[in-house]
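**Student:** Supplied in structure tokens, the structure appears directly below.
The values are calculated or read from the model by the stated rules, or taken from the named source; none is laboratory data. Nothing here was measured: the structure is a model prediction, and the numbers come from that model. Reconstructed Cβ throughout: ideal geometry from the backbone, glycine too, with neighbour counts over all protein chains shown.
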Amino acid sequence: MIALFGFALYHSASAEEFLSLPENSSIVLALVADGVQIYESKPNPAGGFQWSLKAPEAELKNATGEILGKHGAGPSWTLNDGSSIVGSVPPLKNLAARASIPWLLLAVKSRSGSGILDQVDYVMRVGTEGGVAPAEPPKTASETAKAKYHAFYLFLHKG
């Protein structure tokens with residue numbers, strides 16, 4: 001699994017573009033997300049409409065492809081063991097990625113259920129591919145768009 005993440009990181013960013021782990025933190029769990037970023041039309045102050053992120057919708061998989069949970073609005077992460085966390089927005093760190101959604105470091109603001117996510121204090125999204133809003137702005141207020149994305153999520157414990 002670590003080799004898989006290392007490969008993705010190597011091919012996704014240059015050395016100066018890495019997000020560093022928070023001080024005194026360790027990786028509790030590392031998962032791959034495959035899904036979509038859902039965008040909705042919102043009024044643009046300059047006129048017309050613009051895309052705004054509504055929510056992610058993704059499956060969380062381990063290195064063998066087994067689905068261990070899901071990622072959704074909030075942003076939230078829920079595992080099949082019943083544990084769930086919600087991240088705090090805006091992110092603590094945000095790093096642009098070429099032609100993809102940014103890499104992020106989020107603090108956990110709430111937890112529910114019991115399981116592996118009970119130990120998580122931070123969530124880091126790295127190695128992103130895709131997920132950006134369409135280049136063409138929406139033409140009506142009711143439009144939505146789904147952009148496929150792939151990312152690695154590192155669930156971190158502080159201490």
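**Student:** Just to be sure, is D81 in contact with a Gly (Cβ under 8 Å, 6 or more places away or on another chain), modelled with pLDDT of 95 or more, farther than 18 Å from A151 by Cα and not polar (S, T, N, Q)?
**Tutor:** Against the criterion (in contact with a Gly (Cβ under 8 Å, 6 or more places away or on another chain), modelled with pLDDT of 95 or more, farther than 18 Å from A151 by Cα and not polar (S, T, N, Q)), D81 qualifies.
**Student:** Now for a different question. Return the residues of segment 119-149 that are of a type in the set (A, V, I, L, M), in a loop (DSSP other than H, G, I, E, B) and under 19 Å from W77 (Cα atoms); say none if nothing qualifies.
**Tutor:** The one that is of a type in the set (A, V, I, L, M), in a loop (DSSP other than H, G, I, E, B) and under 19 Å from W77 (Cα atoms): V120.
**Student:** For L79, indicate whether it is in contact with a helix residue (DSSP H, G or I) (Cβ under 8 Å, 6 or more places away or on another chain), among the aliphatic types (A, V, I, L, M) and crowded, with 17+ Cβ neighbours inside 10 Å.
**Tutor:** Yes.
**Student:** Go through segment 44-65 and count every residue that is over 30 Å from K139 (Cα atoms), in contact (Cβ under 8 Å) with a residue 40 or more places away in the chain and part of a loop (DSSP other than H, G, I, E, B).
**Tutor:** Residues flagged as over 30 Å from K139 (Cα atoms), in contact (Cβ under 8 Å) with a residue 40 or more places away in the chain and part of a loop (DSSP other than H, G, I, E, B) within segment 44-65 amount to 2.
**Student:** Right, here's the next one. Might you check whether a residue that is among the small types (G, A, S) and surrounded by fewer than 21 Cβ atoms within 10 Å (Cβ to Cβ) occurs anywhere in segment 121-130?
**Tutor:** Yes, segment 121-130 contains at least one residue that is among the small types (G, A, S) and surrounded by fewer than 21 Cβ atoms within 10 Å (Cβ to Cβ).
**Student:** Sticking with this one: So is A96 in contact with a Gly (Cβ under 9 Å, 6 or more places away or on another chain), surrounded by fewer than 16 Cβ atoms within 10 Å (Cβ to Cβ) and in a strand (DSSP E or B) or not?
**Tutor:** no
**Student:** Oh, and also: In segment 80-98, which residues are more than 15 Å from the chain's Cα centre (by Cα) and of a type outside the set (S, T, Y)?
**Tutor:** N80, D81, G82, R98
**Student:** Still on this model: What number of residues within segment 136-156 satisfy the criterion of being more than 17 Å from the chain's Cα centre (by Cα) and over 18 Å from G47 (Cβ atoms)?
**Tutor:** Total satisfying the criteria: 2.
**Student:** Looking at segment 66-93 only, could you name the residues that are assigned to a loop (DSSP other than H, G, I, E, B) and among the charged types (D, E, K, R)?
**Tutor:** E66, D81
**Student:** Which residues, counting only those in segment 80-93, are under 17 Å from A55 (Cα atoms) and not β-branched (V, I, T)?
**Tutor:** Passing the criteria: S84, G87, S88, P90, P91.
**Student:** Of all residues in segment 106-118, which are outside any strand (DSSP E or B) and either at pLDDT below 95 or surrounded by fewer than 18 Cβ atoms within 10 Å (Cβ to Cβ) (or both)?
**Tutor:** Selection gives G113, S114, G115, I116, D118.
**Student:** Which pairs turn up if I take residues in segment 95-106 that are at positive phi and look for partners that are modelled with pLDDT of 95 or more and assigned to a loop (DSSP other than H, G, I, E, B) with beta carbon separation below 8 Å, at least 6 apart in sequence or on another chain?
**Tutor:** A99/V132
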